[in-house]
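This report concerns only the one structure given below.
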Amino acid sequence: GENVEQHPSTLSVQEGDSAVIKCTYSDSASNYFPWYKQELGKRPQLIIDIRSNVGEKKDQRIAVTLNKTAKHFSLHITETQPEDSAVYFCAASRWETGNQFYFGTGTSLTVIP
Amino acid sequence: DVKVTQSSRYLVKRTGEKVFLECVQDMDHENMFWYRQDPGLGLRLIYFSYDVKMKEKGDIPEGYSVSREKKERFSLILESASTNQTSMYLCASSSPLAGAYNEQFFGPGTRLTVL
């Protein structure tokens, strides 16, 4: 089955700096890569996703890049704000296996004001 | 707006008890999932279901079973609760009709403590 590794497990940045979270996956057939944000005490929510036919996607201050050859994808947050503090999960999925998500172990991001 | 609800936010049970965790979604989604979330381990899939009365094992099904008698409801059952099942349990749903790449919507979670 698919194996997703996520690094780092914790990350602290100063407000206004950038944050980068990296994930690798093992199944070259995976074709959908969502990122979820989970604020303390709340449910995970999708913040951005990328499909295997796209190399990069941006949405305001967040972006995701995908390198299919190396089987890794990354989340980039620019101009970080205190409300970006949360746990972030990456996931990999393959449509043919019925939308089963394989999640990374999570990154706890703290933005220091 | 998709709404996924879970029957309890917090639950305390004793070892050996039979435990039912209920999840309901109101968006007519075909797919439903149960995960457990533990620090440092991320979200691990226990069971999932593509349709009523259908179920598939995830990565950690041991000690759990599920039931899906109605499309909107997916139940997770701990036949005989053990202390190592103390965890946060998250339910999610999605629809394949939304396209090949479809978001999973999560419930608020149930924090289960087994004493």
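How many partner chain Cβ atoms sit within 10 Å of a residue's Cβ in peptide A:31-43, on average, as a whole number? If you can, show how the numbers build up before the last one.
Working: counts 2, 5, 1, 4, 0, 4, 0, 5, 0, 0, 4, 3, 10.
Going residue by residue through A:31-43 and averaging, the value is 3.
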**OP:** Report, for the protein assembly as shown, the % of DSSP beta bridges that are antiparallel, rounded to 5.
**Re:** 90 percent
Original post:
Once Rh for chain B is found with the Kirkwood sum over Cα pairs, what is the Stokes-Einstein diffusion coefficient at 25 °C and 0.890 mPa s, in µm²/s?
Top reply: 174 µm²/s
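Need one number: % antiparallel among DSSP beta bridges in chain A, to the nearest 5.
On the way: 37 of 42 bridges.
Looking only at bridges with both residues in chain A, the antiparallel portion is about 90 percent.
Go ahead and run the numbers for FRET between B:Thr86 and A:Thr78, Cβ-Cβ distance against an R0 of 22 Å, rounding to 0.05. Before the final figure, lay out the partial values.
On the way: r = 38 Å, r/R0 = 1.75.
That pair, B:Thr86 with A:Thr78, gives E of 0.05.
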Subject >> Cut-off under 5 Å, modelled amide H: who pairs with B:Lys71 long-range >> reply: none
Original post:
So how strong a dipole does chain A carry about its Cα centre when Lys and Arg Cβ are +1 and Asp and Glu Cβ are -1, to the nearest 20 debye?
Top reply: 260 debye
Subject >> Theoretical gain in end-to-end length, A:His7 to A:Thr69 [0.36 nm per residue, Cα-Cα removed] >> reply: 20.4 nm
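Which value, in debye to the nearest 20, describes the size of the charge dipole of the protein assembly as shown about its Cα centre when Lys and Arg Cβ atoms bear +1, Asp and Glu Cβ atoms bear -1, and nothing else is charged? Working shown, then result.
Details: 26 positive and 28 negative charges, 93 e Å.
Dipole size: approximately 440 debye.
Could you give the Stokes-Einstein D for the protein assembly as shown in µm² per second, using the C-alpha Kirkwood radius, 10 °C, 1.306 mPa s?
Details: Rh = 18.1 Å.
My calculation gives 88 µm²/s for D.
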Original post:
Using the alpha carbon gyration tensor of the stretch A:1-87, what are the three equivalent-ellipsoid semi-axes (square root of 5 times each eigenvalue), largest first, in whole Å?
Top reply: 23, 14, 12
Subject >> Pair A:Lys57, B:Ser7: separation of 7 Å Cα→Cβ label points (nm) >> reply: 3.6 nm
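Given the stretch A:36-105, report the % of alpha carbon pairs whose separation exceeds 15 Å.
On the way: 1418 of 2415 pairs.
Cα-Cα pairs of the stretch A:36-105 separated by over 15 Å account for 59 percent.
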**OP:** Would you kindly give the portion of the calculated P(r) for the stretch B:64-115 that falls above 18 Å, as a percent of all Cα pairs?
**Re:** 46 percent
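For the pairs A:Lys71/B:Lys71; A:Lys57/B:Lys55; A:Lys42/B:Lys13; A:Lys71/B:Lys55; B:Lys13/B:Lys71, note any where the Cα-Cα span goes beyond 32 Å. Intermediate results must be reported in sequence, preceding the final value.
Details: A:Lys71/B:Lys71 36 Å; A:Lys57/B:Lys55 34 Å; A:Lys42/B:Lys13 23 Å; A:Lys71/B:Lys55 30 Å; B:Lys13/B:Lys71 28 Å.
Cα-Cα > 32 Å for A:Lys71/B:Lys71; A:Lys57/B:Lys55; rest within.
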Original post:
Between the stretch A:24-62 and the stretch B:38-103, what is the C-alpha centre distance in whole Å?
Top reply: 21 Å
Subject >> Exercise: per-residue mean of other protein chain Cβ atoms within 10 Å, A:49-58 >> reply: 1
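To the nearest 20 Debye, how big is the dipole of the stretch B:22-115 about its Cα centre, given +1 on the beta carbon of each Lys and Arg and -1 on that of each Asp and Glu?
Values: 10 positive and 13 negative charges, 31 e Å.
With Lys and Arg at +1 and Asp and Glu at -1, about 140 debye.
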**OP:** Could you name the aspartates and glutamates whose alpha carbon sits less than 20 Å from that of B:Lys53, not counting residues in the same chain fewer than 8 places away?
**Re:** B:Glu22, B:Asp26, B:Asp28, B:Glu30, B:Glu62, B:Glu69, B:Glu72, B:Glu79
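Read-outs throughout are calculated quantities, based only on the coordinates presented, and are distinct from any laboratory measurement. What you are looking at is a predicted structure, and each value in this text was computed from that prediction instead of being measured. We place every Cβ from the backbone using ideal geometry, glycine too, and count neighbours over all the protein chains shown.
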